[in-house]
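Engineer: Here's a structure for you.
The values are calculated or read from the model by the stated rules, or taken from the named source; none is laboratory data. Predicted, not measured: the structure shown is a model, and the values here were computed from it. Here the Cβ positions follow ideal geometry from the backbone for every residue, glycine too, while neighbour counts run over all protein chains shown.
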Ligand SMILES: [Fe+2]
């Protein structure tokens, strides 16, 4: 019988079996924790490159390379000298006969022996291979790609979000690893900080347990123990943003007690992400990137600078990022404009008033109206917003005023299924899909009974979002299929579902 990691843990807790304990509970030795993690499907690379390799943030002439030395992934401190020199090399071929760049970088204990290399002098629109060496060992080989320049006829990328390790295996990452892609985008909830396993969906607050840098490091190292996640990193360059669970559920602000915890969560995130060298506790996550003349990405950071929710003058972007985004809108050129957005932008109102969640943009309504009115007033066309967080798939029309169904459609938001994090029950979805649809005239589609990732195929004329779903998150190699596909035609605001899949199961559809 197929069981997920959470079922295994529940059963083990009932039986009192140590080999199936939650690996990060404090009472275990490193050896016991490792044994428990292996029982839940963890299998790391050879030391010291146990956590694999990754690349990210591709520009036309440069890319970031990442690894972290962790001979004992679940230990609080690593059996390593304070500083280890790590060699890196980049080649045009997988056999490393045509080497194009090489160097060394220090891996220091103060940053968890992580390595962030900024490789420059590369050719645009090219595939490269890279690897690291240290302490007489060589890492696995990763594949990366630089951004193209000029005319681009097609881009193909995937987004991932919400990958609670205890909720399931990463069959969806196995799928991402095997897709032919230009890059991957991660929309946040890369880890969950939960203290214990329990509850039927992650909006249950399960109590703080991970609060310190060593604990966040161990959590990241456990997640990287799933081989499918490491394969997805090694296969493609990633752009990354974050959401709340990299620190703690629904956090905002910088009060001192939170600030210490936030610094720890941010630094551990930095130490485990394929990002350029940056400040570990205040990394610049928001940025603009182009894929030739076809696609322009605005990667948003909706956590680091936000105020509390539901304030009349509240902000989710912060003043600087908002000025940056407004300027991006004012000066937008030709091509598709994609906002990489961790939490739902579109209004999700309840019948009879109020909102489902005000941790999302619904808690920052004045700022949302300001930004979307600016999109409308400047006439920026071809806006597609890609979103995570909800653990269910939505398709929304974006309007500058969601309360006015006669307001023009200025873009489309695709909210993706989660990789593994628990969604609502099929019963909740069946009941509430139509309820949400009735209360939100811009909502076109809702499906909450699957897990997976979104795959985007973009050409000058059309944006297609394929909802790629796995059969069963309890099965590590569960196969991937396309549940349905939505298209947006260039120059024509609004989406439509592909006729071939319009009869696939969903809990709400507006147009059929
Ligand atoms: Fe999540």
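Engineer: Those residues that are closer than 25 Å to residue 283 by Cα and either free of Cβ contacts under 8 Å to residues at least 40 places away in the same chain or out of contact with any strand residue (DSSP E or B) (no Cβ under 9 Å at 6 or more places or on another chain) (or both), I need them from region 108-147; list them, please. So that I can check it myself, show each step before the final result.
Structural biologist: Our first condition is that a residue be closer than 25 Å to residue 283 by Cα; within region 108-147, this holds for 108-122, 130-132, 142-147.
Once the filter is applied, which keeps residues that are closer than 25 Å to residue 283 by Cα and either free of Cβ contacts under 8 Å to residues at least 40 places away in the same chain or out of contact with any strand residue (DSSP E or B) (no Cβ under 9 Å at 6 or more places or on another chain) (or both), region 108-147 yields 108, 109, 110.
Engineer: Restricting attention to region 166-214, report how many residues are at pLDDT 90 or above and more than 16 Å from the ligand (Cβ to nearest atom).
Structural biologist: 17
Engineer: Checking the conditions here, which among 384, 409, 395 is on the phi < 0 side of the Ramachandran plot and either out of contact with any strand residue (DSSP E or B) (no Cβ under 6 Å at 6 or more places or on another chain) or buried (at least 23 other Cβ atoms within 10 Å of the Cβ) (or both)?
Structural biologist: Details: 384 fails: either out of contact with any strand residue (DSSP E or B) (no Cβ under 6 Å at 6 or more places or on another chain) or buried (at least 23 other Cβ atoms within 10 Å of the Cβ) (or both); 409 fails: either out of contact with any strand residue (DSSP E or B) (no Cβ under 6 Å at 6 or more places or on another chain) or buried (at least 23 other Cβ atoms within 10 Å of the Cβ) (or both).
One residue alone meets the criteria, 395.
Engineer: Return yes when residue 41 is modelled with pLDDT of 95 or more, surrounded by 14 or more Cβ atoms within 10 Å (Cβ to Cβ), under 27 Å from the mean Cα position of the chain (by Cα) and under 25 Å from residue 184 (Cβ atoms) and no when it is not. Spell out how you get there, then give the answer.
Structural biologist: On the way: modelled with pLDDT of 95 or more: no; surrounded by 14 or more Cβ atoms within 10 Å (Cβ to Cβ): yes; under 27 Å from the mean Cα position of the chain (by Cα): yes; under 25 Å from residue 184 (Cβ atoms): yes.
The answer is no for residue 41.
Engineer: If a residue counts only when it is farther than 23 Å from residue 228 by Cβ, which strands (runs of 3 or more DSSP E) contained entirely in region 64-147 have at least 3 such residues? Can you show your working first?
Structural biologist: On the way: elements: 83-91, 99-108, 114-119, 127-134, 142-145.
It comes to 83-91, 99-108, 114-119.
Engineer: Could you please find all residues in region 223-255 being touching a helix residue (DSSP H, G or I) at 6+ places or on another chain (Cβ under 6 Å) and part of a helix (DSSP H, G or I)?
Structural biologist: Passing the criteria: 223, 228, 229, 231, 232, 235.
Engineer: When you look at residue 46, is it surrounded by fewer than 16 Cβ atoms within 10 Å (Cβ to Cβ) and touching a strand residue (DSSP E or B) at 6+ places or on another chain (Cβ under 9 Å), yes or no?
Structural biologist: Values: surrounded by fewer than 16 Cβ atoms within 10 Å (Cβ to Cβ): yes; touching a strand residue (DSSP E or B) at 6+ places or on another chain (Cβ under 9 Å): yes.
So residue 46 fits the description; yes.
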